[in-house]
Each structure stands twice: as structure tokens, then as C-alpha cells.
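Q: This is the structure, below, for whatever I ask next.
The values are calculated or read from the model by the stated rules, or taken from the named source; none is laboratory data. Being a predicted model, the structure only gives us computed values, none of them experimental. Note that each Cβ is placed from the backbone with ideal geometry, even for glycine, and that neighbours are counted across all protein chains shown. Please note that ligands, DNA and RNA were not included when accessible areas were found on the heavy atoms of the full protein model with its side chains. Shrake-Rupley method; radii C 1.70, N 1.55, O 1.52, S 1.80 Å.
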Amino acid sequence: MAECFHTKLITTSDRAKIEGAQHMEFHPETGLDTAKKILKMAIENFPNRRHNVAIPQYSQDGVVGFSHETINYLLGGLFRASYKPLNDNIINGRIRGVAGVVGCNNARTPHDQGHLEMVKELLRNDVIVLSTGCSAMACGKAGLLTPEAAKTYAGSGLAEVCETVGIPPVLHMGACVDNSRILIAATAMVKEGGLGDDISDLPAAGAAPEWMSEKALAIGQYFVASGVYTVFGTTWPTFGSEALTKHLFEEHEELYKGMWAFEQDPIKAASLMIAHIDKKRKALGLEKARERVLFDMAMRRALA
Ligand code: SF4
């Protein structure tokens, strides 16, 4: 899961151990077997760990690993794979919008708190959450990656859709290097129709409430440049330059249609995202939830 590589000074005795360790070549065609061998070796080596390792006696179920294809299939079925049910439920207001909540844990904040407070606030407000990386792990540990979580945490509209389709209210979309999957899903929503002509028209927003790696900034810029309003928490590196900060937080939207924002409080950050989602709903003429109308035969015949 972790893609972080932390450098460490290696002592001569460490080096001797590393050199004595078994190396395993990777060949794609035998990848699964190699993974099993590596796991077995790691388990057998556990008694040799020099420090006590606390493994919590706690487990949590979760449905993980959604790709664009899986969402397509879950929403529309094998033969009519489609984002239409998602778009329709955004248009009718059951789902208020979509949020991508991603990124690291940060030692400057209580572990997972930023992610969980933000995600729960979004769910309460009928915003479906797509998640990756350590943020998705936080959601998994908190039980948000199960379909049953929708009943407990989601607003009534989102809960109804999750129950009907059988999906969790937070969709785990992979590791932090899989963020492009979220943009692929956003592109599919635009292509499906009814929600504007560009990613920047969607009632959608992104966030990394506990970001810490430089990579998170690069990914954030990729989202902003693709048209997504993106809120980061914890710290922000450009406050030393008023001109650059103004450019990122105020002028970016004109150039790329997406914009950066910074807010340390996860609930306030969620409110910024919801306000942006509502702004986009209004621009699309969707500010009011639409009543579901069951068509009788006469109404069907009257359809063009
Ligand atoms: S989300 Fe951040 S902390 Fe987590 S694995 Fe990715 S880069 Fe590392």
C-alpha cells in the first residue's frame, strides 16, 4: 500500500544482513506466486524483528479497489455498463455531488482525524466520496468502505442510492498513485451527459486534508489544472509569496477553471467543497432537488 520511500543511514551490519537476504526477481507472468513467496518469507521472518510490534486485535470488513470499469459495471450492469444512474441521481438531487478525498497522513495532525471528519461531513450532506491512498485506509479502518456504512453516515438521498446499487458511500479507488482513476471517473460523468461539458462543470471537488508528500502537491496541481476545485489542509508552502499565493488561490480559475484552496479545519474545508458543489449545481440549473415522477402510459406517449 505505502508508496513512500524513506531514506535511512544503513550501518555495516545492516548492509551485511541485506546482502545476506534473499532477492527475488519479478516476472509479470509469475507475479502472484512471487507475491505469495514474499509474504511467506515475511511471516517466517517475523520472530526476528528486533522491536516489539503491536498488531491491533481488530479487524474491519471493506469493499476496496474500485476502478472506472467497476463503477461502470456496478451502476449499469454487465451488459449496459453506464454512469447514467450516477448522473441521474446527481441531477435529481439524491446525490448532491462527488468529492475526491485523498492523500497522506501527517504527523502534524491527529492520525486520520482530518480525513474522517471531512468524509463524514461530506457523506452527511449527500456527497459521495471517492478515496485513495492513506485517506482510503483511514476510511477503511473506520468502517466507511462497507455498503452498510451508508445507513449510518450518509444523508437520506445518498443512503438510498448506495442501498439500491449496493455500493459503499466511500469508494476506495486504489493507492495514492491511482488518483488518475478519479479523473477518469469524472471524465466518464461528463461524457455521460447532463452535467456540463467539462470536468470543471461537474458538482465535484477534491481534497487532501492531511497531505505531507511533495507528490501530493503535484497531484493536486494535476487536479486543479484539470478543472477541479481542490482544498488542502495542514500547511501550505507558498504563504511566503503573496503574489504566488494570490495566483494559486484567486487567479487560477480563469486559466484552468479549477482552483486551489487551503483550510486546516476539516469541517470548514468540507463546507468549502459543498459550497463549490452547490455553485456548480446552480450553474447547471440543479439547485433544487427534483421530485421523482413515475410516468404513466399517457405521459410516455406524450414524450417526443
Ligand atoms: S498517501 Fe501520502 S503518506 Fe500515504 S502512501 Fe501515498 S504519499 Fe505516502
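Q: Just to verify a result, which residue in segment 195-252, among those that are within 16 Å of the ligand (Cβ to nearest atom) and hydroxyl-bearing (Ser, Thr, Tyr), is surrounded by the most Cβ atoms within 10 Å (Cβ to Cβ)?
A: Checked segment 195-252; the qualifying residue surrounded by the most Cβ atoms within 10 Å (Cβ to Cβ) is Thr230.
Q: While we're on this one: Would you mind listing the helices (runs of 4 or more DSSP H) fully within segment 125-188 where at least 1 residues are within 11 Å of the chain's Cα centre (by Cα)?
A: Correct list: 133-141.
Q: So, one more: Within segment 168-178, how many residues turn out to be charged (D, E, K, R) and either more than 16 Å from the ligand (Cβ to nearest atom) or surrounded by fewer than 16 Cβ atoms within 10 Å (Cβ to Cβ) (or both)? Talk me through it step by step, then tell me what you get.
A: Of all residues in segment 168-178, those charged (D, E, K, R) come to 178.
Remaining after also requiring either more than 16 Å from the ligand (Cβ to nearest atom) or surrounded by fewer than 16 Cβ atoms within 10 Å (Cβ to Cβ) (or both): none.
Selection size over segment 168-178: 0.
Q: Of Val190, Val127, which residue is under 27 Å from Tyr256 (Cβ atoms) and in contact with a Lys or Arg (Cβ under 7 Å, 6 or more places away or on another chain)? Steps first, answer last, please.
A: Details: Val190 fails: in contact with a Lys or Arg (Cβ under 7 Å, 6 or more places away or on another chain).
Val127 is the lone residue from the list that is under 27 Å from Tyr256 (Cβ atoms) and in contact with a Lys or Arg (Cβ under 7 Å, 6 or more places away or on another chain).
Q: All but one of (1) crowded, with 19+ Cβ neighbours inside 10 Å; (2) within 16 Å of the ligand (Cβ to nearest atom) hold for Met189, so report the exception by its number.
A: Answer for Met189: the failing condition is (2).
Q: If a residue must be within 31 Å of the chain's Cα centre (by Cα) and at pLDDT 80 or above, how many such residues does segment 1-29 contain?
A: First, pick out the residues of segment 1-29 that are within 31 Å of the chain's Cα centre (by Cα): 1-8, 26-29.
Narrowing the set further to residues that are at pLDDT 80 or above leaves 26-29.
Qualifying residue count for the region: 4.
Q: Hey, Asp126 hits all of (1) touching a strand residue (DSSP E or B) at 6+ places or on another chain (Cβ under 9 Å); (2) closer than 21 Å to Arg181 by Cα but one; which does it fall short on?
A: (2)
Q: Determine whether Leu255 is open to solvent by 70 Å² or more (accessible area, probe 1.4 Å), under 23 Å from Asp198 (Cα atoms) and in a helix (DSSP H, G or I).
A: Working: open to solvent by 70 Å² or more (accessible area, probe 1.4 Å): yes; under 23 Å from Asp198 (Cα atoms): yes; in a helix (DSSP H, G or I): yes.
Here the answer is yes, as Leu255 does meet what is asked.
Q: Only one residue in Ser135, Ser131, Ser156 is touching a strand residue (DSSP E or B) at 6+ places or on another chain (Cβ under 6 Å) and either of a type outside the set (Ser, Thr, Tyr) or farther than 18 Å from Glu69 by Cα (or both), so which one is that?
A: On the way: Ser131 fails: either of a type outside the set (Ser, Thr, Tyr) or farther than 18 Å from Glu69 by Cα (or both); Ser156 fails: touching a strand residue (DSSP E or B) at 6+ places or on another chain (Cβ under 6 Å).
The unique qualifying residue is Ser135.
Q: Working only within segment 129-148, note down all residues that are open to solvent by 10 Å² or more (accessible area, probe 1.4 Å), within 13 Å of the ligand (Cβ to nearest atom) and closer than 20 Å to Met273 by Cβ.
A: Across segment 129-148, the qualifying residue is only Cys134.
Q: When segment 262-287 is examined, which residues are found to be in contact (Cβ under 8 Å) with a residue 12 or more places away in the chain, among the aliphatic types (A, V, I, L, M) and surrounded by fewer than 19 Cβ atoms within 10 Å (Cβ to Cβ)?
A: Answer for segment 262-287, where residues must be in contact (Cβ under 8 Å) with a residue 12 or more places away in the chain, among the aliphatic types (A, V, I, L, M) and surrounded by fewer than 19 Cβ atoms within 10 Å (Cβ to Cβ): Ile267, Leu272, Ala283, Leu284.
Q: Would you be able to tell me the number of residues in segment 71-112 that are more than 16 Å from the ligand (Cβ to nearest atom), within 24 Å of Ile274 (Cβ to Cβ) and among the hydrophobic types (A, V, I, L, M, F, W, C)?
A: 8
Q: Right, another one. Out of all the residues in segment 77-116, which are over 17 Å from the mean Cα position of the chain (by Cα) and assigned to a helix (DSSP H, G or I)?
A: Once the filter is applied, which keeps residues that are over 17 Å from the mean Cα position of the chain (by Cα) and assigned to a helix (DSSP H, G or I), segment 77-116 yields Lys84, Pro85, Asn87, Asp88, Asn89, Ile90, Ile91.
Q: Identify all residues within segment 64-95 that are among the aromatic types (Phe, Trp, Tyr) and closer than 16 Å to Ile128 by Cβ; write none if there are none.
A: Taking segment 64-95 and keeping what is among the aromatic types (Phe, Trp, Tyr), we get 66, 73, 79, 83.
Matches in segment 64-95: Phe66, Tyr83.
Q: Taking segment 156-199 only, how many residues are touching a His at 6+ places or on another chain (Cβ under 8 Å) and of a type outside the set (Lys, Arg)?
A: 3
Q: Go through segment 156-167 and report how many residues are buried (at least 22 other Cβ atoms within 10 Å of the Cβ), touching a helix residue (DSSP H, G or I) at 6+ places or on another chain (Cβ under 6 Å) and either closer than 15 Å to Ala208 by Cβ or not β-branched (Val, Ile, Thr) (or both).
A: Final tally of qualifying residues: 1.
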